[in-house]
Amino acid sequence: MNPESCTLRLAGLRKSYRVGEASVEALKGVSLDVFSGEMVALTGPSGSGKSTLLNLCGLIDKPDAGSRELCGTAINGLDEIGLTGLRREKVGFIFQGFNLVPVMTVFDNVEYPLLLLGVPAPARRELVMTALQRVGLEAFARRLPDALSGGQRQRVAIARALVKSPALVIADEPTANLDSTTARQIVDLLHELAHERNASVVVATHDERMSSHCDRVLHLIDGELQ
Ligand SMILES: Nc1ncnc2c1ncn2[C@@H]1O[C@H](COP(=O)(O)OP(=O)(O)OP(=O)(O)O)[C@@H](O)[C@H]1O
Ligand SMILES: [Mg+2]
């Protein structure tokens, strides 16, 4: 594939966590290229390093060794400000626990990434309502997250992730605890995001309903890609 269509390049990533005196080696040298328009599933047993790898992909955490490149920018050379700017512009996150701000309305939750990017108010309104329509929740814009079902909250989280049209979407167990119909909607939305908007989607999942719809399925065992 054309290297220019490569959203994310990971080479030799290692990551350990200190637990008291001991050290847990969570990733033992992971290399991976993710291309635009591609939806990749990351599977593997509990504790195999999926969330650790996603956090490195999404620039939330730093590796102990190895290199990363996001949309052609080498991450190792960036300071904290450069890192934050790149993450805000390029990466959307979807977590199992939704991570919505409970005191903010659905609209305000989805708008927040655009505020951070300094998008002017009229454009923000338009983008937020388009994203909410996309996930079928435009009628819920003024509600608080508490007044929504789990599946609706996850759709708000997806609207928040896609509102800025990120190059890379990271999703950690996005269908855990959701019923089949809702899980299917989430899979379809992520799929469209990758294929219609040419984004790269990396999704950690134990859920066969999810991985069977991905373009590529990767297995992580004990901190190594198989
Ligand atoms: N903050 C942390 N401090 C110490 N150890 C950690 C920390 N986060 C993860 N680990 C350890 O690193 C390893 C990989 O954890 P990780 O959360 O990446 O696994 P996972 O594949 O996402 O698991 P799950 O499917 O249960 O979500 C595990 O041994 C875990 O105990
Ligand atoms: Mg995990």
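The values are calculated or read from the model by the stated rules, or taken from the named source; none is laboratory data. Treat the numbers as computed from the prediction; the structure is a model and nothing was measured. Note that we place each Cβ from the backbone using ideal geometry, even for glycine, and neighbour counts take in every protein chain shown. Areas reflect the complete protein model, heavy atoms only, side chains present, ligands, DNA and RNA absent. Shrake-Rupley method; radii C 1.70, N 1.55, O 1.52, S 1.80 Å.
When all alpha-carbon pairs of the chain are counted, what percent fall beyond 27 Å? It would help to have the intermediate numbers written out before the result.
Values: 8189 of 25425 pairs.
Here the tail beyond 27 Å accounts for 32 percent of pairs.
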- prompt: From the backbone phi of region 82-99, what are the Karplus-calculated ³J(HN,Hα) couplings (6.51 cos²θ - 1.76 cosθ + 1.60, θ = phi - 60°) in whole Hz, Gly and Pro given as x?
  reply: x, 5, 5, x, 5, 4, 4, 7, 9, 10, x, 10, 10, 10, 4, x, 6, 6
task: Among Met129, Ala157, Ala167, pick out the residue whose Cα is farthest towards the positive end of the charge dipole of the chain, where Lys and Arg carry +1 and Asp and Glu carry -1 on C-beta, about the Cα centre.
output: Met129
message: Probe radius 1.4 Å, ligands and nucleic acids ignored: give me the carbon and sulfur share of the accessible area of the chain as a rounded percent.
response: 50 percent
query: Could you give me the ³J(HN,Hα) list for region 134-149, computed from phi with Karplus coefficients 6.51, -1.76, 1.60 and θ = phi - 60°, whole Hz, x at Gly and Pro?
result: 4, 9, x, 10, 5, 6, 9, 4, 8, 7, 8, x, 4, 8, 10, 6
message: Let me confirm the definition first: pairs of Lys residues in the chain, 8 or more apart or on different chains, C-alpha distance under 20 Å. How many are there?
response: 8
message: If I stretch the segment between Arg142 and Ala121 completely, what's the gain in nm (0.36 nm per residue apart, minus their alpha carbon distance), one decimal?
response: 5.9 nm
field: Under 15 Å from the Glu208 label point (7 Å along Cα→beta-carbon), backbone N, region 162-194
entry: 180
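For the peptides 45-51, 61-67, 15-21, 107-113, what is the packing order when you average, over each peptide's residues, the other Cβ atoms within 10 Å and list the highest mean first?
Numbers: 45-51: 17.6, 61-67: 14.7, 15-21: 10.9, 107-113: 22.1.
The packing order, highest mean first, is 107-113, 45-51, 61-67, 15-21.
Which value, in Å², gives the accessible area per residue of region 47-138 when a 1.4 Å probe is used on the protein heavy atoms? Each step should come with its number before you reach the end.
Working: 4360 Å² over 92 residues.
The answer is 47 Å² per residue.
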- prompt: At what distance in angstrom do the alpha carbon centres of region 64-90 and region 122-182 lie from each other?
  reply: 26 Å
field: For region 58-71, 3J(HN,Hα) per residue [Karplus equation, 6.51 cos²θ - 1.76 cosθ + 1.60, θ = phi - 60°, Hz, x = Gly/Pro]
entry: x, 6, 7, 9, 10, x, 7, 8, x, 10, 10, 9, 10, 6
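Given charges of +1 on the Cβ of Lys and Arg and -1 on the Cβ of Asp and Glu, with all other atoms neutral, how large is the dipole of the chain about its Cα centre, in debye to the nearest 20?
Numbers: 24 positive and 27 negative charges, 91 e Å.
That gives a dipole near 440 debye.
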message: Please list, ordered by chain and number, the residues whose modelled amide H lies under 5 Å from the amide H of Asp64; skip anything fewer than 5 residues away on the same chain.
response: Arg14, Lys15, Ser16
